[in-house]
Structures are given as C-alpha cells and as structure tokens.
1. Across the range 91-110, which residue is modelled with the highest pLDDT among those that are aliphatic (A, V, I, L, M) and loosely packed, with under 13 Cβ neighbours inside 10 Å?
2. Across the range 111-140, what is the number of residues that are free of Cβ contacts under 8 Å to residues at least 40 places away in the same chain, in a helix (DSSP H, G or I) and surrounded by 16 or more Cβ atoms within 10 Å (Cβ to Cβ)?
3. Which pairs do you get when a residue that is over 17 Å from Trp73 (Cα atoms), found in the range 26-51, comes within reach of a residue that is part of a loop (DSSP other than H, G, I, E, B), reach meaning Cβ atoms under 6 angstrom, with the pair 6+ apart or on two chains?
4. Could you go through the range 32-45 and let me know if any residue there is more than 14 Å from Arg82 (Cα to Cα), crowded, with 21+ Cβ neighbours inside 10 Å and touching a helix residue (DSSP H, G or I) at 6+ places or on another chain (Cβ under 8 Å).
5. So which strands (runs of 3 or more DSSP E) are wholly in the range 1-68 and hold at least 1 residues that are more than 21 Å from Asn194 (Cα to Cα) and modelled with pLDDT under 90?
6. So is Asp162 modelled with pLDDT under 90, assigned to a helix (DSSP H, G or I) and out of contact with any helix residue (DSSP H, G or I) (no Cβ under 6 Å at 6 or more places or on another chain) or not?
7. Considering Glu222, Glu240, Glu206, Glu258, which residue is at pLDDT 90 or above and either acidic (Asp, Glu) or part of a loop (DSSP other than H, G, I, E, B) (or both)?
Amino acid sequence: MSAEQFDDVAVEAGFVVRPDGTVVGDDGASGALAAALPYTGRLARRMGELVDAGDLRLMEAFGRRRLSVGVTWTPAGEGTFRAAVTPLEERVVPNFTVVGAVDTSAAVDHCLSRIMAVEGVQWSSVVTAGSRVIAARGERQELHHLAEVGNRMLAILRSLEDQHATGFMRLRFEQGAVIGASIGRHALVALATNAEDGELVSMIDEIRAILADHDLASVATEFDPDAVDLPEPEPVVEHEQAGPPPLVGARFGGQRAERKPRRSRFRSRS
C-alpha cells in the first residue's frame with residue numbers, strides 16, 4: 001500500500017476511489033464506504049467555499065476506528081479519494097453527572113460556550129435534524145452560511161454514521177477545519193484552526209451528556225445572522241416641573257405686588 005501526504009498528514013491508501021467511480025482495494029464494508037466518499041466529498045468541498053477555508057484536502061472520522069481520506073481534485077472538479085481505516089484503542093466514555101434542571105435553550109447555550117473554550121475554535125452552532133440552526137457563537141459576520149453548512153454536515157454525518165458514531169468528523173481544508181458531531185439526530189458544527197483530538201473528544205462527550213435528556217427540536221427560536229444588536233435605550237431623565245406661581249394677596253397671606261403711583265387725570269388750578 002502507498003502513502004500520500006496531505007498538509008503534513010500521511011494517509012496510507014487502503015483503498016482508492018477514482019474519478020470514474022472505480023475502486024482499487026477493499027474498503028472492508030462491501031463497497032458501501034467507497035460508494036459514499038464521492039458524495040460526501042462534494043458536500044464537504046462546497047462547505048470550504050462557504051466558510052472561506054479553501055479547498056478540501058482531508059476527511060477524517062473518529063469513532064471506534066479512524067477513517068482518513070485524502071482528496072485531490074481534477075480541473076473538472078472530480079475527486080480521487082485515497083482512504084485508510086485503522087483501529088483505535090478502545091475508549092471508555094466517562095460518566096457525567098448533570099446537576100440542576102435547566103431549559104433546553106439554556107443548556108444549548110452552555111454547551112456552545114464550552115466548545116468555544118477549546119483552543120482554536122472560532123465559531124460553533126447547533127443544527128437540528130429539521131435543518132434549523134437554533135444557536136450559534138462566534139463573530140456575526142462569519143455566521144451567514146450556517147444553515148447550508150449545517151445541512152451539509154448533517155448529510156455527511158448520516159452518510160458515514162458507522163465511522164464516527166462515538167466520536168466526530170473533521171473536514172480539513174487549506175485554511176482551517178470544520179468539525180461535526182452527532183447529538184442524537186441533530187449535530188454540533190464548529191470551525192477550528194487547530195484543536196487537539198483528545199480535547200475535542202472529551203468536550204463532545206460532555207456536550208452529549210448534557211443534552212442527552214433534552215429535545216433540541218423543541219427549541220422554538222432560530223438563529224438569525226442578520227439580526228442587529230440594538231443599543232440599549234438611553235434612560236429617560238424626567239425633569240422636575242416648576243410648580244404653579246405662588247398665590248399672593250391678603251387672602252393668601254402673601255404680599256401685594258408693588259404698584260406704580262397713579263398719575264392724576266386732572267391738573268390743579270393755580
């Protein structure tokens with residue numbers, strides 16, 4: 001078997017899917033895995049354009065095994081996929097104790113804040129099985145294509161479900177990587193410049209535990225990347241109104257207004 005180098009990641013070619021669809025080697029899945037790669041490759045390549053990450057170079061799935069698929073493209077946009085499946089050490093998923101009952105929206109927001117704490121993660125979102133982006137974190141100008149990116153990641157996760165069921169997918173582009181993980185029927189999607197496998201797996205385990213008892217489809221709100229954060233209204237300062245003029249006159253105990261002396265209308269005779 002040969003080895004190909006993609007962005008400092010060596011991919012040992014266990015089997016190859018050529019642009020015309022022919023397969024060289026055994027994918028270990030009676031041809032089902034090889035048949036899925038061109039479809040997932042086309043979905044993933046468009047995601048790189050949407051998030052300005054460049055062209056697709058590598059697809060990775062981490063689960064009970066590790067699937068690594070190096071990708072090269074012809075000028076006509078047809079891909080050659082060199083794939084290898086290698087076993088991983090058996091991993092024991094830790095038990096998490098979720099303390100306190102919170103509503104689903106608050107739980108989702110908490111999980112996004114947790115994944116944003118992983119070094120290298122630039123934005124993150126949760127997309128439901130019904131293709132709704134219910135929450136997102138990151139710079140707003142980077143989040144305008146979340147709906148299409150989320151839909152494509154959902155399709156990729158479903159197509160390669162057997163490869164990542166207990167882990168996650170990583171699509172490596174020329175400038176960054178898109179991470180996807182199944183949360184039941186839904187998905188967590190994030191963009192990362194660099195992130196350690198172990199840290200990602202641990203954080204995704206925690207997020208799955210937190211959201212396990214929540215129905216994400218019940219979240220009614222939908223993320224709007226065009227929403228403008230309106231400034232808080234300035235406080236209204238109420239000025240004290242001047243009271244009525246004081247009442248004057250003997251009746252009110254006030255002083256009479258000073259009067260000018262009246263001029264006589266008649267002249268005295270000399």
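1. Going residue by residue through the range 91-110, those that are aliphatic (A, V, I, L, M) are 92-93, 98-99, 101-102, 106-108.
Keeping just the survivors that are loosely packed, with under 13 Cβ neighbours inside 10 Å gives 92-93, 99, 101, 106.
Working: Val92: 70, Val93: 68, Val99: 61, Ala101: 58, Ala106: 91.
Top of the filtered list is Ala106.
2. Number of matching residues: 1.
3. Taking only residues 6 or more apart or on different chains, the pairs are Leu33/Asp27; Leu50/His145.
4. Yes; the residues of the range 32-45 include at least one that is more than 14 Å from Arg82 (Cα to Cα), crowded, with 21+ Cβ neighbours inside 10 Å and touching a helix residue (DSSP H, G or I) at 6+ places or on another chain (Cβ under 8 Å).
5. Values: elements: 3-6, 9-12, 15-17, 23-25, 56-62.
In the range 1-68, 3-6, 9-12 are the strands (runs of 3 or more DSSP E) which contain 1 or more residues that are more than 21 Å from Asn194 (Cα to Cα) and modelled with pLDDT under 90.
6. Values: modelled with pLDDT under 90: yes; assigned to a helix (DSSP H, G or I): yes; out of contact with any helix residue (DSSP H, G or I) (no Cβ under 6 Å at 6 or more places or on another chain): yes.
Against the criterion (modelled with pLDDT under 90, assigned to a helix (DSSP H, G or I) and out of contact with any helix residue (DSSP H, G or I) (no Cβ under 6 Å at 6 or more places or on another chain)), Asp162 qualifies.
7. Details: Glu222 fails: at pLDDT 90 or above; Glu240 fails: at pLDDT 90 or above; Glu258 fails: at pLDDT 90 or above.
Answer to the selection: Glu206.
The values are calculated or read from the model by the stated rules, or taken from the named source; none is laboratory data. Quick caveat, the model's predicted, so the values are computed rather than measured. Cβ coordinates were reconstructed from backbone atoms using ideal geometry, including for glycine residues, and neighbour counts include every protein chain displayed.
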